[in-house]
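Below is one structure, written out as structure tokens; the observations come after it.
What follows is calculated from the coordinates using simple rules that are stated; it is not laboratory data. Everything numeric here is computed off the predicted structure, so don't read it as measured data. For neighbour counting, all protein chains shown are included, and Cβ atoms are generated from backbone atoms with ideal geometry for every residue, glycine included.
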Amino acid sequence: MRKITITLGAVASVIALGSFLGDGKTSTTADHGIDINNIDKSVRPQDDFYQFVNGTWLKTNPIPETESRWGSFNELEKQNKAKLRIILDAASANKTAAPGSAQQKIGDFYTMAMDSVKLNAEGVKPLKMEFALIESVKNTDELMKEIGHLHTIGIGPLFGGYVDQDPKISTQYITQFYQGGLSLPDRDYYTKTDERSLGIQKAYVEHVTTMFTLLGDKAEVAGAEAKVVFDIETNLAKASMTKVELRDPEKSYNKRTIKELTELAPNINWQVYLNSVGFRNVNDCVVGQIEFFKEANRAVKEVSIADWKTYLRWNLIDGFAGKLSDNFVKEHFKFYGTTLNGIPSQKPRWKTSLEATDRSLGEVLGKLFVEKYFTETSRKRVGAMVENLITAFRVRINSRDWMSASTKAAAMTKLDKVMKKLGYPDKWRDYTPLEIKRDSYVENIIRANKFEFNYMANKLGKPIDRTEWGMTPPTINAYYNPALNEIVFPAGIMQPVFFNPDADDAVNYGIMGAIIGHELTHGFDDQGCQYDADGNLKNWWTPKDSANFKAKTDMLIKQFNNYVAIDDMHVNGELTLGENIADLGGLTISYYAYLKSREGKPKPAPIDGYTGEQRFFMAWAQGWRGNMRDKALKNLVQTNPHSPGNFRANGAPSNMQEFYDAFGVKEGDKMYRPKSERAEIW
């Protein structure tokens, strides 16, 4: 069972605007936190709050040619990358860095990534040995050995195999197997037959064909090879669970002994695979999707070794194409960047090289980032907000009339045990065994991937490491991990517009507080609520409370199903349910934490004509501003558990009476929902 790590990740009424937005005559602070120049006053907040807060910004901030979207996250990411580039340029220029030091590792890695002259001269040669290993496969045992090897170097053919916490015994690590082996974003890309899907399938086969020709295969051979790849992947896709089905962790928890796994899929030599990846002394495992592994078992027997080698060659070149010569990079981008997401132009090399360095040496680079740019002041202030949010959440839990006393007590225990990680790890990863050299970009990536895989494999039989982070410090995101019952906020997101130390509390609670509340609420969304205080997949609800909870969350499903994202594509309310619960819960909890922070203080004066309550909600909407290309939006709606930003900005407030009171929303306004149709959960 794959770890569930839940990330953050984008009219009618005649009420006069001025009656609810102040007269604009009050004094302002030095740093307002909300740029009123971004407001579109032609739109009433009671009709489309997102457009009101962000309309002018949306019109004046087109998407850069190298991006699929542009919004608050991207603006901050641009600032972070500029800072990281300074660190990497300095390290790259440092020819005297001590061997094995952070400067040497990131400097050599970045230098090799930037060396386009070397990469263009080499072409596909850096993968010569890997292709030779694939070509040497003669039978299904050797096939499983090679699949295992590819898994260790970051390539994922056929299925996923890894080590993680046992979802039902959270104090132990266990080997887990999960559906996989697909190159398109989701199984539905293979199974749907609408015009868009068929067009993507056709373009995908053409792309695979082109990549095989770049490897030197003749056009007619490459076309046949592409069909082989597509057929194998389509059969795997048909046997895969949908993204909505995968949201039920119980469905993906099927514990088996290795003997039972062998009985389930006897054509796969599991011992050969386990030896190949270095998973030692494995007795039990978790099989994520039974039907998928039945199909994998059939395919291993019935697909010819020649076709399997074609499939593995494809996986290898697909995985490394963006790290080779320009012809491979451009073709790879043409499909995944332009065809799937509508991006016209590639990013400059320094950006892709920086991103690769962060992926391969995340905590090495991250440690230098926080030492140079992150202040303890921000960490402490966000920490104080976290405590305030937890306090507010306790009050909210106690006030729920749909929960029994026993379920409330269990919820309180879980909330009390939430582990908080802020800014950066207290214990940094040791990268000493990882060798990085100025010899080859691909070799550096392979060494880094092997290092990461071995680090994971070596967890078997050891105590759970509760200090680990799943994101690097510069990351502009946050997450909740139910297996550890932890909330994690990297340093990257503790910056404006998400956290502004110079802004008033209304702004910081409106977005950073809501993000904190969002992650806390993930512990109590439709997935997180299935895990207990210690991170075990275990029911702690009474049947009646579960039924009450489902009735309330069903209201959110219906609401978001009614949102039309683009053309005739509706948001998938079931797929996005967890994030929508977290948005609503997070914003509600943060609102009351904000009110609590004002106790004993004079009521804050309006700023730029807006009250504290109004600025709270405006900060929320400001955080989700963004433009997105049509193809990227369609991709997001089909595959992503997060709703588009405009619906996140409007969806949660439309369920809150506090928002109605702040902006005078009345029946007949487009933001209005009858009380009977509002979802009030946490």
Seminar exercise, completed: Residue by residue through region 257-263, the couplings from Karplus 6.51 cos²θ - 1.76 cosθ + 1.60 with θ = phi - 60°, in Hz, x for Gly and Pro, are 6, 4, 4, 5, 5, 5, 5
Exercise. How large is the dipole of the chain about the Cα centre if only Lys and Arg carry +1 and Asp and Glu carry -1, each at its Cβ, rounded to the nearest 20 debye?
Worked result: 840 debye
Exercise. In whole angstrom, how far apart do the alpha carbon centroids of region 415-494 and region 296-345 sit?
Worked result: 27 Å
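Ignoring everything except DSSP H segments at least 4 long, calculate the 222 nm mean residue ellipticity for the chain; use -39,500 (n - 2.57) per segment, divide by total residues, nearest 500.
Numbers: 28 runs with 340 residues, N = 682.
When only DSSP H runs of four or more count, the value is -15500 deg cm²/dmol.
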Exercise. How would you rank 302-308, 159-165, 142-148, highest first, on the average number of other Cβ atoms within 10 Å across their residues?
Worked result: 142-148, 159-165, 302-308
Problem set entry | Alpha carbon Rg of region 299-397, scaled by the compact-globule rule 2.2 N^0.38 Å | 1.79
Problem set entry | region 558-678: relative contact order as a whole-number percent, Cα under 8 Å and 6+ apart | 31 percent
Problem set entry | Convex hull of region 357-446 built on C-alpha atoms - directionally averaged projected area, nm² | 9.2 nm²
Exercise. When the Cα centres of region 658-675 and region 163-223 are compared, how far apart do they sit, in Å?
Worked result: 45 Å
For this session: Provide the descending list of Cα extents for region 335-490 along its principal axes, expressed in whole angstroms.
Result: 62, 44, 34
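Under Stokes-Einstein, with the Kirkwood radius over Cα pairs standing in for Rh, what whole-number D in µm²/s applies to region 477-550 at 25 °C and 0.890 mPa s? Walk me through the numbers on the way to the answer.
Values: Rh = 13.7 Å.
Rounded, D is 179 µm²/s.
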For this session: Work out the P(r) tail for region 547-682: percent of alpha carbon pairs separated by more than 22 Å, whole number.
Result: 42 percent
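Quick check on the exposure proxy: order Ser590, Ser240 from fewest to most C-beta atoms within 10 angstrom. It would help to have the intermediate numbers written out before the result.
On the way: Ser590 30, Ser240 24.
Ordered by Cβ neighbours within 10 Å, fewest first: Ser240, Ser590.
Suppose we keep just the DSSP beta bridges with both residues in the chain; what percent of those would be antiparallel, to 5? It would help to have the intermediate numbers written out before the result.
Values: 24 of 33 bridges.
Bridges in the chain are about 75 percent antiparallel.
Using a Förster distance of 56 angstrom, determine the FRET efficiency expected from the C-beta separation of Ala203 and Ser399, and round it to 0.05.
Taking R0 as 56 Å, the efficiency between Ala203 and Ser399 is 0.60.
What ranking do Ser360, Ser643 get, fewest neighbouring Cβ atoms within 10 angstrom at the top? Walk me through the intermediate numbers first.
Working: Ser360 24, Ser643 27.
In increasing order of surrounding Cβ atoms, one gets Ser360, Ser643.
Here are some pairs, Lys227/Lys309; Lys59/Lys347; Lys81/Lys330; Lys81/Lys347; Lys218/Lys330; which of them have Cα atoms lying more than 18 Å apart in this structure? Mind dumping the intermediate values first?
Details: Lys227/Lys309 13 Å; Lys59/Lys347 23 Å; Lys81/Lys330 23 Å; Lys81/Lys347 13 Å; Lys218/Lys330 20 Å.
From Lys227/Lys309; Lys59/Lys347; Lys81/Lys330; Lys81/Lys347; Lys218/Lys330, over 18 Å: Lys59/Lys347; Lys81/Lys330; Lys218/Lys330.
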Exercise. When N is the residue count of region 68-140, what does its C-alpha Rg come to as a fraction of 2.2 N^0.38 Å?
Worked result: 1.64
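Compute for the chain: radius of gyration divided by Kirkwood radius, i.e. Rg/Rh, restricted to C-alpha atoms, rounded to two decimals.
Working: Rg = 25.8 Å, Rh = 26.7 Å.
Rg/Rh for the chain comes to 0.97.
With the cut-off at 28 Å, tell me which of the pairs Lys128/Lys243; Lys105/Lys128; Lys420/Lys538; Lys125/Lys192; Lys105/Lys145 have Cα atoms farther apart than that. Write down the numbers at each step before the final one.
Working: Lys128/Lys243 36 Å; Lys105/Lys128 25 Å; Lys420/Lys538 22 Å; Lys125/Lys192 37 Å; Lys105/Lys145 30 Å.
Correct reply: Lys128/Lys243; Lys125/Lys192; Lys105/Lys145.
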Exercise. So for the pair Glu443, Asp630, with labels modelled 7 Å out along Cα→Cβ, what separation do we get in nm?
Worked result: 4.7 nm
Problem set entry | For region 378-394 and region 119-140, distance of Cα centres in Å | 52 Å
